[in-house]
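See structure below.
The values are calculated or read from the model by the stated rules, or taken from the named source; none is laboratory data. Since the model is a prediction, treat every value here as computed from it, not as a measurement. Because the Cβ atoms are built from the backbone with ideal geometry, glycine has one as well, and the counts that use them run over all protein chains shown.
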Amino acid sequence: MKKIQETAESKLIKEVPIVKLGTPISEVRSMLFRKANNFESLDYIYVVDSKNILKGVTSLKEILQVEDKQTKIEKIMKKDLITVRPSTDQERIVYIALKHELKSVPVVDKEGHFLGVVPYHTILKIFNQEVQEDIFRFGGLYHKVGKEFDTIDAPAIRMIKNRIVWLIVGLIGGIIAASIVSFFENILSKYLILAAFIPVLVYMSDAAGTQSETLIVRGIALDPKLSVKKWVKRELIVALTLGLFCGGILSLASLLLWKSSYLIGSIIGLSMFLGIIAGVSISTFLPLVFKKLKIDPAMASGPFATIVSDITTLAIYFSVATFLFLFFKV
C-alpha cells in the first residue's frame, strides 16, 4: 500500500475557484477579480452542486471569452471530467495529467465530492522525483529520492549502504555464472568459437529483458487494473518474434563471417532464440511476482533481474550445445 505522502491526498490544494451550478458568468468574473490573490491556482474554475459534488470544469480563458455575461456557468463548462481519488498514486496523477493535457487534476471522493486539485507545479515536481527514482532503481539504488541526490555532498557511508547490497547480489550471480562456464570447459576448449558468442547472447537477453521490465513496471504503476493475461500474451508474442529475428541473424552471421559449421550456427541461433524468450519472461514475471507479494515491483529491476537473466542465458546456451553435440554424436 502506498504511503499517504505518495498519493493525491497529500498533494492537493483547496484554494481554487469554485462556483455553484446556475452561477452567471458575470458573478464568476466578479469573484475571480475579487479573490484572485487568495487562490493558489487559477488554471481552472470548478463547478459543484449544492452538495459540493463536482459537476464540471472550465478555464479562465473560456470565462473571459463569453460575450453574454448572464450566461450560466453550466453552458460553457466541460462535463466529461477527468478526476482522481485521494488514494491515487502520485505517479498515476502525472500520467493522467500528461495524457489528457491537464494543468491541474481534480481530486474527488467516491461519492464525487470535490476535495481539491493537484496543481501544475506539484505535478512537475512529482514527475521529476519519479524519473529520478526510476533511474536509481535501474542502477540498483532502492530508496526514496531525497536531498542526498540533489547535491554532491552525500556522505560516502550512505552511498556505500545504498549500493553494496545489490552489488553483492550481482557478485554472487557472477560467481554462479562463472561456475556454469567452467563446468562446460571441455566443450569450450574443443569448440572455442562458442566462447566468442557468450557476450552477445548475454547482452541481447539482457537488452530484450530490460525493455520488457521497463514497460511492465511502468504499466503496473500507472494502471491498477492492468490485464496481466493480456500483457503476458503480448510480451510472449514479442519475445518469440524478437528471438526468431535475432537468432536467425546471429546464426547466419556465424556461418558467413566466422565460417562456422551448420551445427555451431544452429546452436548459436537456437540459444539466442531461447535466451531472448527467457530474458523477456523473467523480466515480465518478476515484477508481477513482487506485486503479488506486496513488494514494490520496481525492486525486480536492475541488477537482480539482470543477473538471473544472465545465469539463465548461459545455462540455456551450454545445455543446447551439449544436447545437440550428443544428438549428432559429435
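Structure data summary
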| quantity | calculated |
| --- | --- |
| Selection from segment 54-74 of residues that are within 34 Å of the chain's Cα centre (by Cα) and among the β-branched types (Val, Ile, Thr) | 57, 58 |
| Of all residues in segment 162-175 being of a type outside the set (S, T, N, Q) and surrounded by 15 or more Cβ atoms within 10 Å (Cβ to Cβ), the one that is nearest to residue 314 (Cα to Cα) | 173 |
| Residues that are part of a loop (DSSP other than H, G, I, E, B) and either small (Gly, Ala, Ser) or touching a helix residue (DSSP H, G or I) at 6+ places or on another chain (Cβ under 7 Å) (or both), drawn from segment 33-79 | 41, 42, 43, 50, 66, 69, 70, 71, 76 |
| Test: residue 271 is hydroxyl-bearing (Ser, Thr, Tyr) and crowded, with 19+ Cβ neighbours inside 10 Å | yes |
| Failed item, numbered, when residue 236 is tested on (1) crowded, with 18+ Cβ neighbours inside 10 Å; (2) within 29 Å of residue 265 (Cα to Cα) | (1) |
| Scope segment 261-280; condition within 12 Å of residue 197 (Cα to Cα) and touching a residue at least 24 places away in the same chain (Cβ under 8 Å); matching residues | 264, 267, 268, 271, 272 |
| Matching residues, segment 80-124, being in a strand (DSSP E or B) and modelled with pLDDT of 90 or more | 84, 105, 106, 107, 108, 113, 114, 115, 116, 117, 118 |
| Test: residue in segment 281-300 that is in a helix (DSSP H, G or I), of a type in the set (A, V, I, L, M) and without any contact (Cβ under 8 Å) to a residue 24 or more places away in the chain | yes |
| Selection status of residue 160, at pLDDT below 90, closer than 22 Å to residue 278 by Cα and assigned to a helix (DSSP H, G or I) | no |
| In segment 239-257, the residues that are of a type in the set (A, V, I, L, M) and out of contact with any helix residue (DSSP H, G or I) (no Cβ under 7 Å at 6 or more places or on another chain) | 249, 252, 253, 256, 257 |
| Odd one out for residue 105 among (1) without any contact (Cβ under 8 Å) to a residue 24 or more places away in the chain; (2) surrounded by 18 or more Cβ atoms within 10 Å (Cβ to Cβ); (3) not aromatic (Phe, Trp, Tyr) | (1) |
